[in-house]
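Scroll down for the structure; my scribbles are underneath it.
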Amino acid sequence: MGIGVGIFLAAIGAILAFAVQDNISDVDLTAVGYILMVAGVVGVLLELLLFAPRRRAGGVVEERRVYDEPRR
């Protein structure tokens, strides 16, 4: 899960938890909203703390060797 997906889940969860006033039988939309917000925040934190440093570690290394020609 990327940072964008985590932010999207948190935003959808906040909308469900705080803005939706609908009643669906056997589904508590407020609880679903809180679950989505927690999942989004955890996803963003995992992405930033665990997965992002691994992506930065694989940089490009350029090596140049200069050889002097022998003198005659």
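Protection proxy ranking for 15-26, 34-45, using the average of other Cβ atoms within 10 Å per residue and placing the highest first: 34-45, 15-26.
Per residue, the solvent-accessible area of the chain (1.4 Å probe, heavy atoms of protein chains only, all protein chains present) comes to 88 Å². Mean residue ellipticity, 222 nm, helices only, the chain: the sum of -39500 (n - 2.57) across DSSP H runs of n ≥ 4, divided by residue count and rounded to 500, is -15500 deg cm²/dmol. Counting only protein heavy atoms, what percent of the accessible surface of the chain is carbon or sulfur at a 1.4 Å probe? Within the chain, the accessible surface is 62 percent carbon and sulfur.
The values are calculated or read from the model by the stated rules, or taken from the named source; none is laboratory data. Note that the structure is predicted; figures quoted are calculated from it, not measured. Counting neighbours? That spans all protein chains shown, and the Cβs are built from the backbone with ideal geometry, glycine included. Keep in mind that these areas ignore ligands, DNA and RNA; they rest on the heavy atoms of the full protein, side chains included. Shrake-Rupley method; radii C 1.70, N 1.55, O 1.52, S 1.80 Å.
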